[in-house]
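Here's the structure we're looking at; comments come further down.
Readers should treat all values here as calculations from the given coordinates under stated rules, not as data from a laboratory. All values derive from a computational prediction rather than experimental measurement. Because the Cβ atoms are built from the backbone with ideal geometry, glycine has one as well, and the counts that use them run over all protein chains shown.
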Amino acid sequence: MKTGILPTVTLAIMAATSAQAREGCDAPIRDWKGREAVRALAEERGWTLGRIKIDDSCYEVYGTDETGRRFEAKIDPVTLNVIEIEDRRNHR
């Protein structure tokens with residue numbers, strides 16, 4: 001029976017689309033924690049921040065970790081959860 005495959009494929013595509021849509025943050029700015037909270041998070045993690053900016057309605061930070069490796073991280077502005085972190089040692 002091939003009829004069972006189509007719903008499964010459709011659900012997989014919908015799940016992938018939802019995950020891609022979540023790349024940005026969507027909370028109203030009134031609910032955001034301030035940049036000071038982002039700096040405190042960085043300090044707790046042993047990070048040294050060079051830059052904090054807003055991209056896709058998320059905080060995006062550039063810095064170095066406790067071992068000196070450069071990184072870029074996307075942070076949810078309400079929960080301060082790290083959504084994504086990227087090694088930047090090959091970027092200039």
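Using r as the Cβ-Cβ distance of residue 30 and residue 60, and R0 as 25 Å, what FRET efficiency do you calculate, to the nearest 0.05? Write down the numbers at each step before the final one.
Values: r = 20 Å, r/R0 = 0.80.
The pair residue 30/residue 60 has a calculated efficiency of 0.80.
Skipping prolines and chain starts, which residues have an amide H placed within reach, meaning under 5 Å, of the one on residue 88, given they are 5 or more residues away or on another chain?
70, 71, 72
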